[in-house]
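No value in this document is a laboratory result; all are computed from the given coordinates. Keep in mind that what you see is a predicted model, and the values were worked out from it rather than measured. Positions of Cβ are generated from backbone atoms using ideal geometry, with glycine treated the same way; all protein chains shown enter the neighbour counts.
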Amino acid sequence: SRSGAAMTTSTMANDAKLRSKVATNRRRLASLNNKTFTEHGSWIVDVSFTSYGNQNEILSGCVAGHMRAWDIRMSSRSLRDIQVQSSPMTALSVHRKIPIAASGSHAQFIKILTLEGEALQSVKFHDLTGIKYDRIGPVSCLEFHRQKLVLAAGSTNALVSVYQPRRRPRV
């Protein structure tokens, strides 16, 4: 049928455009300059670009509990080194719109902090209707919502928890 032929021609044209874009991006990737940052002394658990302030800044966290900020335009020295926690860090997430981070530990806690290192909150227990319910499991992954102040956490006890600010009661 005619519509089948037209769709096939259209699909082939789209495939050719896609192949051309992939080839262009491969050439761009092959010509990228490599920059290596070497100050961490242990396994890196996460690296994130920031979306506010310095657009050329990346943040990295390592198992030793340090979070470092780097300017990708500058030398390989970090801009700041923050001791986030003393127990091994197993997860790190940086919010894309709000200058905060969350770190997780195998020692069963999540720490929320500013990107300058100021501790804002620690989560150690699940909370059901204001009653501390049970200790959270060893944290394996963290992710902030792209726009909202909501944090999802996964743990080795097979639970996914979602944390968000409490709503203030209306007076």
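Tabulated results
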item	result
Spin-label pair L120/A158, simplified geometry with 7 Å Cα→Cβ offset, distance in nm	3.3 nm
Cβ-derived FRET efficiency at R0 41 Å, N56 paired with S87, nearest 0.05	0.85
Hypothetical label at I44: residues of the range 53-94 whose amide nitrogen lies under 11 Å (7 Å Cα-Cβ projection)	58-62, 68, 70
For peptides 146-155, 113-122, 62-71, sequence by mean Cβ density within 10 Å, most packed first	62-71, 146-155, 113-122
